[in-house]
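Okay, so here's the structure we're looking at.
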Amino acid sequence: MAMSYILQTGMYPVRYLPAKNEIHYVDEMEVKIFYSSPEKPFLQKDVYDLLIIAPPEFSDALQPLIDHKEEHGIKTILVTTDEIYNGEYFPVNGRDDAEKIKYFIKDAHEQWGVKYVMLAGGLTSPIKSDTWLVPVRYSNLDDGSEHSYLSDLYFADLYKYENGTPMFDDWDSNGNGVFAEWSFKGKDYLDLHPDVYVGRLACRSVKELSTVVEKIINYENECDDSWFKRVVLAGGDTFNDINGHNYLEGEIANQKVAEILGDFETEKIWWSEGNVNQKNMLNAIGKGCGFVHLSGHGSPAVWFVKDFIKNPHGKYIWALDVYHFPLLKNENKLPIVIIGGCHNSMFNTSLYQSMKEVVMTIIIKYILGKPYRTWYWIPAPECMGWWFVKQAGGGAIATFGCTGLGLGTIGDSNDDGIPDCIQFLLTWLELQFFRVYANGTDILGETWGNAINDYVNTFLVENKDPADIKTVQEWVLLGDPSLKIGGYQ
């Protein structure tokens, strides 16, 4: 897999000496870069392209997908979690199951040439569970609003570099056993560059998995431009800046997507058009489209836009919830959905936890009148990002979204005439996904990995702002990382 890195250098052609009131400058500068290749190249073999990691009970349901991938030239291997823990392919390393999985991915990358990794497994139950069919890693970056969130980037960021030498990146640089830590207690410094392309099928049952496998096969075999060359765009006034530029951030982001995709037919569901409602959302997606871009607010099971112009406190406009997804009848005309909002892809959602949080909110906040913070608006067994994908008879082929609080900004702080909402944080990353695709990358995991790499190279080289770190850590691909966007037709 070809990965690119940017070497940033600092050059100062002008120098001011205040004691002498003099300015010294140079007419030209010469930069010499000396680079030494590693003694042992990473990739020794080209045995497999796609590694699927799943619990043993998913093996039979995954076989049709393996056969399909092989037919299209994607060399694929399924390795069960038990086989990894028992050391049937490589020696077992790692402090916990998640680290054992990551070490295995590293070995598979180096020994087999694997570049796509599908983690096929979510929680063991949609009702009440805190155990996983395929392990997860939580980032412990505490931003003051939430102290942890899921991050599958952990499984993709295999290496860090010490004096130019690649080393396994355990996401625990201070060695205290708290992974991806960023708080007053300590900080871990992470590489954050994906070295493999990772996506998760957060299936909790064989039935869910069989549905998704069938959707992937049909999409790659049958997708065509008669419906694929459409994009549904939904947004509104995301943030309150009525005393400033008063940008409609969601709609601005949507419009930028339309410009990037160029020849795609667009259908806009906008607050400014007065057509944001669940019926219009379902009808637009139900026609079939290649992409959906939602730019607004969210919770695990709901997505909505806001109106700050008519209501300075922000009126919530309910646009989509998971309980209406069975009404999506787009069949095999399945979009890739980019969900801009908080917690829409929080795939550790369960019915018990969400119900508990909703009840606590009612009692503490509305009956007792005391502060209580929760991310759940309605009870739901699974999050929106995954429900889109697992929905039979329609829905989506894959989604991108946040496992935690999605971060954005307002105004035009650098006075360049471009709204900050599309220049920084989550929306920049979403737009970069579309730019990467428009520039010719048509494998889903590669669009994710390249967009993450571009974000890290742009915002996380000199300064390590926790908001930028969180933005790349929480942006998860729920879907097949080896998916051919637009299919093989």
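Once the Cβ-Cβ distance of residue 207 and residue 96 is raised to the sixth power relative to R0 = 45 Å, the FRET efficiency obtained is 0.95. Counting only the Cα atoms, segment 53-133 fills a convex hull of 99 Å³ per residue. Each residue in 81, 458 was given a count of other beta-carbon atoms within 10 angstrom of its own, and listing them fewest first yields 458, 81.
Using θ = phi - 60° in the Karplus curve 6.51 cos²θ - 1.76 cosθ + 1.60, the 3J(HN,Hα) couplings for segment 405-414 round to 5, x, 10, x, 8, 10, x, 9, 5, 9 Hz; x is entered for Gly and Pro. When the Cα positions of 202, 322, 94 are compared along the charge dipole of the chain, 322 comes out farthest toward the positive end, with charges on each C-beta of Lys, Arg, Asp and Glu. Remark: for residue pairs 160/215; 100/128; 75/128, the C-alpha separation exceeds 28 Å in 160/215; 75/128.
Of the residues 174, 299, 489, the one whose Cα sits farthest towards the positive end of the charge dipole of the chain is 299 (charges of +1 on Lys and Arg Cβ, -1 on Asp and Glu Cβ, taken about the Cα centre). Extents of segment 411-477, largest first, come to 36, 25, 18 Å (Cα atoms, principal axes, whole angstrom). For the listed peptides 196-208, 417-429, a ranking on the average number of other beta carbons within 10 Å per residue, highest first, reads 196-208, 417-429. Only lysines eight or more places from residue 310 in sequence, or on another chain, were considered; those with a Cα closer than 28 Å are 256, 268, 279, 365, 370.
If you average the C-alpha positions of segment 274-292 and of segment 164-200 separately, how far apart do those two centres end up, in angstrom? Taking the Cα centre of segment 164-200 as reference, the centre of segment 274-292 is 39 Å away.
Protection proxy ranking, highest mean first, for peptides 171-184, 283-296: 283-296, 171-184, where packing is the per-residue count of other beta-carbon atoms within 10 Å, averaged. Go ahead and run the numbers for FRET between residue 457 and residue 283, Cβ-Cβ distance against an R0 of 30 Å, rounding to 0.05. Calculated value: 0.15.
Here the simple spin-label model places points 7 Å from the Cα toward Cβ, and for residue 374 and residue 358 these points are separated by 0.8 nm.
With the charge dipole of the chain set up from +1 on Lys and Arg Cβ and -1 on Asp and Glu Cβ about the Cα centre, the Cα lying farthest toward the positive end among the listed residues 183, 422, 362 is that of 362.
First check a/c for segment 224-478, with a ≥ b ≥ c the square roots of the eigenvalues of its C-alpha gyration tensor; if it is under 1.5, answer rounded, and if not, answer prolate when a/b is larger than b/c or oblate otherwise. Verdict is rounded for segment 224-478.
For segment 198-245, the equivalent ellipsoid built from the Cα gyration tensor has semi-axes of 36, 20, 8 Å, listed from largest to smallest.
If you bin all the Cα-Cα distances of segment 305-439 at 10 Å, starting from zero, the percentages per bin are 11, 30, 36, 19, 5, 0. When Rg and the Kirkwood radius Rh are both evaluated on Cα atoms of the chain, their ratio Rg/Rh stands at 0.98. Here the simple spin-label model places points 7 Å from the Cα toward Cβ, and for residue 351 and residue 82 these points are separated by 2.8 nm. Cα centroid distance between segment 49-69 and segment 363-437, in Å? The two parts, judged by their Cα centres, are 30 Å apart. For the peptides 442-448, 57-63, 67-73, 471-477, the ranking by packing is 471-477, 442-448, 57-63, 67-73, with the highest mean count of neighbouring Cβ atoms within 10 Å listed first.
Full extension of the chain between residue 161 and residue 63 gives 31.5 nm of extra length, using 0.36 nm per residue less the Cα-Cα distance. Applying a DSSP loop filter and a limit of 11 other Cβ atoms within 10 Å to the GluC sites (Glu not before Pro) in segment 261-298 leaves 273. Among the trypsin sites (Lys or Arg not before Pro) within segment 423-489, those in coil by DSSP and having at most 16 neighbouring Cβ atoms inside 10 Å are 464. Rounded to the nearest 500, the 222 nm mean residue ellipticity of the chain from helices alone is -8500 deg cm²/dmol, with -39,500 (n - 2.57) taken per DSSP H run of at least 4 residues.
Here, each number is a calculation from the coordinates, and none is a lab measurement. Predicted model only: the values in this text are computed from it and were never measured. Neighbour counts run over all protein chains shown; Cβ positions are idealised from the backbone, glycine included.
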